[in-house]
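*Asks:* One structure follows; several queries about it will come next.
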Amino acid sequence: MAKEKQTQDQRIDQFFTGPGASEPTIWRFLVDAAKAWSDGSGNRNKFDDLLARARSDARNIHGYPGLRLMAALKETAASAHASATAALATTIMQSLQTQIVPPACERLGYS
């Protein structure tokens with residue numbers, strides 16, 4: 001019997017990545033899960049599992065996005081507002097990729 005290997009889909013633009021590429025990966029999966037929950041093709045449980053993984057990473061707590069923004073994401077998800085959750089997760093992911101904190105987050109003290 002051959003062992004089956006579980007693989008994750010990798011995008012071609014992620015083929016040559018450096019050591020810093022591991023952090024945003026969880027955010028890409030989190031955003032994908034949030035968008036799937038928002039459009040009805042996925043469920044909230046997958047998003048919640050990924051959010052718990054992101055919250056357990058010390059870089060997300062002590063750096064950006066930080067405790068307040070992670071709490072805001074959790075509260076938005078808890079309110080069952082899937083589209084707002086997807087939008088906030090997307091904003092966080094884009095900020096991590098571009099290293100630019102959106103003005104709305106700065107005004108709210110999330111920088």
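Bear in mind that the values in this text are calculations on the coordinates, not laboratory data. Because the structure is a prediction, the values reported are computed rather than measured. No Cβ is skipped: glycine too gets one built from the backbone with ideal geometry, and neighbour counts run over all protein chains shown.
*Asks:* Over segment 22-107, calculate the relative contact order: mean separation of alpha carbon pairs under 8 Å at least 6 apart, over the residue count, as a percent. Can you show the working numbers first?
*Replies:* Numbers: 65 pairs, mean separation 29.1, N = 86.
This gives 34 percent for segment 22-107.
*Asks:* Could you work out how far apart the two model spin labels at D57 and D39 are, taking each label as a point 7 Å from the Cα in the direction of the beta carbon, and quote it in nm?
*Replies:* Placing both labels 7 Å along Cα→Cβ, they lie 2.3 nm apart.
*Asks:* Length gain on complete extension for the stretch Q97 to H81, per 0.36 nm per residue less the alpha carbon to alpha carbon distance?
*Replies:* Values: separation 16, 0.36 × 16 = 5.76 nm, distance 2.46 nm.
Full extension of this stretch gives 3.3 nm more.
*Asks:* What ranking do 64-71, 90-97, 52-59 get when scored by the average of other Cβ atoms within 10 Å per residue, highest first? Working shown, then result.
*Replies:* Working: 64-71: 16.8, 90-97: 18.2, 52-59: 12.8.
Going by the mean number of other Cβ atoms within 10 Å, highest first, we get 90-97, 64-71, 52-59.
*Asks:* Turning to a different aspect of this structure: How large is the dipole of segment 22-107 about the Cα centre if only Lys and Arg carry +1 and Asp and Glu carry -1, each at its Cβ, rounded to the nearest 20 debye?
*Replies:* About 80 debye.
*Asks:* Does segment 22-107 come out rounded, prolate or oblate by the C-alpha gyration tensor, with a ≥ b ≥ c the root eigenvalues, rounded set by a/c under 1.5 and, if not, prolate when a/b is larger than b/c and oblate if not? Don't skip to the end; give the middle numbers.
*Replies:* On the way: a/c = 1.56, a/b = 1.40, b/c = 1.12.
It comes out prolate by the Cα gyration axes.
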